Amino acid sequence: MEAGADITIASSHKLGVIYCSKWIDSLDYILGFINTPIVIVEGFKGYENSDVVAIIDSIDEFKDLSKYVKGNLIAIICSNESLIKANNETNVKIFNKDEIDEVASFIELRALKFLENQLPQSNCGLCGFETCSAFAKAYAIGKASQCPVISDIKLVIDSKDIPLNPLCEKYSKVNYKWFY
């Protein structure tokens, strides 16, 4: 038998720490503790459900990385001129190590496009933002929490999804529960 708690939590006004003595080394498990649309991690080369931006120093390192990275390699950051010139041979975006702002913009634009693609693209304004694109930007920085049109209740007429406003969605849920 082991003594001690499986989970220990320490908290202060500036920092919170959760210590799990029986930790599972799985990115999916770790992401379950995080509620943010963008997560940057190091390692987890075999993780298949993410975009990968690699920082490498040589062509050999790139070849080695290609064996292990199972995810979607979208960009490489390097200082090797031959890798930058070889950009024509691959669909991977290659950045010089000094192009920090360009790398940040590239990642941000991909993340925003991904978030926008999860939305209904109706630009209905029910969320308080003029467009779905504006909502996605607000969501990415924590200023919005949920699209009011996306729900577990779906109205489909003639094979077309019809967005429901929050009030209609609420009454649809109540009626559904009442019938069943």
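The values are calculated or read from the model by the stated rules, or taken from the named source; none is laboratory data. Remember, predicted model here, so these are calculated numbers, not experimental data. Note: ideal-geometry Cβ built from the backbone for every residue, glycine included; neighbour counts use all protein chains shown.
Numbers for the structure displayed
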{"read-out": "Sole exception among (1) surrounded by 13 or more Cβ atoms within 10 Å (Cβ to Cβ); (2) in contact with a helix residue (DSSP H, G or I) (Cβ under 7 Å, 6 or more places away or on another chain); (3) not polar (S, T, N, Q) for LEU65, by number", "value": "(2)"}
{"read-out": "Lone qualifier among GLY32, GLY46 - being touching a residue at least 24 places away in the same chain (Cβ under 8 Å) and surrounded by 10 or more Cβ atoms within 10 Å (Cβ to Cβ)", "value": "GLY46"}
{"read-out": "Residue selected from segment 18-27 under the condition within 12 Å of TYR47 (Cβ to Cβ) and without any contact (Cβ under 8 Å) to a residue 12 or more places away in the chain, by the criterion surrounded by the most Cβ atoms within 10 Å (Cβ to Cβ)", "value": "SER26"}
{"read-out": "Residues that are of a type in the set (Asp, Glu) and either within 30 Å of PHE95 (Cα to Cα) or in contact with a strand residue (DSSP E or B) (Cβ under 6 Å, 6 or more places away or on another chain) (or both), drawn from segment 107-161", "value": "GLU108, GLU116"}
{"read-out": "Every residue from segment 25-82 that is β-branched (Val, Ile, Thr) and more than 25 Å from LEU115 (Cβ to Cβ)", "value": "ILE56, ILE59"}
{"read-out": "Wholly within segment 1-104, strands (runs of 3 or more DSSP E) carrying at least 3 residues that are out of contact with any Pro (no Cβ under 6 Å at 6 or more places or on another chain) and either farther than 30 Å from CYS147 by Cα or at pLDDT below 75 (or both)", "value": "7-11, 16-20, 72-78, 93-96"}
{"read-out": "Test result for VAL53, β-branched (Val, Ile, Thr) and out of contact with any Phe, Trp or Tyr (no Cβ under 9 Å at 6 or more places or on another chain)", "value": "no"}
{"read-out": "Pair list, Cβ < 6 Å and 6+ apart or interchain, from segment 105-122 residues that are closer than 17 Å to ASN49 by Cβ to residues that are assigned to a loop (DSSP other than H, G, I, E, B)", "value": "ALA111/ILE38"}
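Residues are listed down the side, and each one gets a yes or a no for (1) over 29 Å from ILE40 (Cα atoms); (2) at pLDDT below 90; (3) not in a loop (DSSP other than H, G, I, E, B):
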| position | (1), (2), (3) |
| --- | --- |
| LEU109 | no, no, yes |
| SER133 | no, no, yes |
| CYS147 | no, yes, no |
| LYS177 | yes, yes, yes |
